[in-house]
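Trainee: First, the structure itself, so that you have it in front of you.
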Amino acid sequence: MMSALRASLQHRTPPPEVTLRQALEVGVPLDEVLATVVNGYGHWTVGEKEHTIIALDAALETARFLGHDKALLPLAVALMRLPF
């Protein structure tokens, strides 16, 4: 499941929101899902796409705060808004 999420984050097919939902539904721990999302965009450097990094960080923190059952919405919205 996590390899499918990594692939969809990288290639956008299927949309990451779909594999993100599937990962959460099958019970993948939220911290593992969040780490996969961060690793998917961890190659960015400071100063590169800062507004997107800030928005993604806010979504990750919101998801962590809401917990496993309610994490999908902030993560899906953030991933849909990424410019790539």
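Trainee: Take Gly27 and decide whether it is assigned to a loop (DSSP other than H, G, I, E, B), modelled with pLDDT of 85 or more and exposed (fewer than 14 other Cβ atoms within 10 Å of the Cβ).
Mentor: Details: assigned to a loop (DSSP other than H, G, I, E, B): yes; modelled with pLDDT of 85 or more: yes; exposed (fewer than 14 other Cβ atoms within 10 Å of the Cβ): yes.
Judged against the criteria, Gly27 is a match.
Trainee: Would you mention how many residues in the stretch 1-18 are closer than 15 Å to Ala35 by Cα and outside any helix (DSSP H, G or I)? First the steps, then the outcome.
Mentor: Keep residues of the stretch 1-18 that are closer than 15 Å to Ala35 by Cα, which gives 1-10, 16.
Next, from what is left, pick out any that are outside any helix (DSSP H, G or I): 1.
Residues in the stretch 1-18 being closer than 15 Å to Ala35 by Cα and outside any helix (DSSP H, G or I): 1 in total.
Trainee: Please go through the stretch 52-84 and give me each residue that is outside any helix (DSSP H, G or I), surrounded by 12 or more Cβ atoms within 10 Å (Cβ to Cβ) and among the small types (Gly, Ala, Ser), ordered by number.
Mentor: Ala71
Trainee: Please go through the stretch 1-30 and give me each residue that is free of Cβ contacts under 8 Å to residues at least 12 places away in the same chain and acidic (Asp, Glu), ordered by number.
Mentor: Passing the criteria: only Glu25.
Trainee: Which of the residues belonging to the stretch 5-24 are under 11 Å from the mean Cα position of the chain (by Cα), among the basic types (Lys, Arg) and at pLDDT below 85?
Mentor: Listed by number, the list holds a single entry, Arg6.
The values are calculated or read from the model by the stated rules, or taken from the named source; none is laboratory data. Nothing here was measured: the structure is a model prediction, and the numbers come from that model. Reconstructed Cβ throughout: ideal geometry from the backbone, glycine too, with neighbour counts over all protein chains shown.
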